[in-house]
Every structure is written in C-alpha cells, then in structure tokens.
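Worksheet for the structure shown next.
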Amino acid sequence: RLEKLIARIQSEYRRAAFAAAEVDLQSEEAFELARKGMPRAKLAGAQIIYGCEVKHFNLPYFALQVQSVGETDVFLRCFIHELGVTLGTTASCTRLQRRSFGPFHAAHALLEKQITLQNIIRNIELCRRIMENLPKDEGVVNENSTTYEEERPVVDGLDLQTDHEYDAMRPVWPRNYT
C-alpha cells in the first residue's frame, strides 16, 4: 500500500511541477519539457517532490529517499505525517538527513577542525570546478542525473593529511569524569 500511495503522490507532484513552472499540461511546451525531465519551478518557494523511494521497510520503521526542491524540515515532517494519515495510521519522522544540496554533497563541506586558509582555498577551487562542469540549465530537473564528483584533499591544522577513518567527533585527549 505504501508503494502505491507514493506512486500516486509522485504523479500529483508531477502535475504540480508543471503548474509551478507555469506550463499548460496540454501544450507542446509541456510535452517537450516532459521529454527532457521534470520542469523546474518558476514560482519562488514552490515545494515540489520530484522523487520518492522506499529504501527500508521493517514495521514500524521505514526509510524514504526524497528528491525535492524548496523543501523545509517542517514540510518533510508534514509529508511523512500525511503519508501515515492517508494509510489510516500515524507516522512521525525520527530523523531527517540531507544528502546533498544541488551538486554539493556532505564530502564537499569543511569540518570545523579543517578550517584553515589552505583548505578554504582548495574548497573554493573544488566548488568552482563543480559549478563549471554542471550541465547547461534547460529549465528541467533530471531525477537520476549524476553530478561531477571529485575528491578534495584535506589537510588539518598541522599540515597532516587527514585519515578517512578519523573520527572528528572524538577528541584526541581522554575525558575523565568524576
């Protein structure tokens, strides 16, 4: 039932995407946009879900991967709640995790311990290369597009390469509690 509901909601949001792009569904322009991908919203603040997929389902828990634009955490929490209400039960969000923001992923962010002039300059150059390698914007959102990926060398404050297995949240000194 959840898969059917999500498919129905996605079709409703597809229709809403054309409305937010200010395109008549019966026009040639709508056909051309649909052929390329989902239309990009022209209305500021339009909250549109482009894709929703069940990643994990083990009652009473489930995990969704949502591709959206203009979303807020309140919008996503209400979306989860409405899914539950529509299924005749209740659902609440226990965790939200943003995987990417446009072409940028969590790997492109600097941790507080990595903020040095050298790392900031490297990160700016990386972001510039990512932006230069983006495909030309044609007013559509490609649901399963692959973005330009590049590894960023990170150097800590002591000019030492950071290990990928390094736990940034664990301090290097022991904590003693009395």
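The values are calculated or read from the model by the stated rules, or taken from the named source; none is laboratory data. Being a predicted model, the structure only gives us computed values, none of them experimental. Neighbour counts run over all protein chains shown; Cβ positions are idealised from the backbone, glycine included.
The conditions of being in the same structural domain as Leu59 (by TED's automatic domain parsing), of a type in the set (Phe, Trp, Tyr) and over 18 Å from Phe57 (Cβ atoms) are not met by Phe79. Annotation note: Cβ proximity below 6 Å between a residue of segment 1-19 that is free of Cβ contacts under 8 Å to residues at least 24 places away in the same chain and a residue that is aliphatic (A, V, I, L, M) and surrounded by 15 or more Cβ atoms within 10 Å (Cβ to Cβ) (sequence gap 6+ or interchain) occurs for Phe18/Ala30. Applying the set (1) at pLDDT 80 or above; (2) in contact with a strand residue (DSSP E or B) (Cβ under 8 Å, 6 or more places away or on another chain) to Glu28 leaves exactly one unmet item: (2).
Taken over segment 100-130, the criterion of being within 26 Å of Thr72 (Cα to Cα) and β-branched (Val, Ile, Thr) is satisfied by Ile130 alone.
The set of residues in segment 88-133 being in contact with a Phe, Trp or Tyr (Cβ under 6 Å, 6 or more places away or on another chain) and either part of a loop (DSSP other than H, G, I, E, B) or in the same structural domain as Gly45 (by TED's automatic domain parsing) (or both) consists of Asn133 alone. Highlighted here are the helices (runs of 4 or more DSSP H) found entirely within segment 1-87 that include at least 2 residues which are within 16 Å of the chain's Cα centre (by Cα): 73-86.
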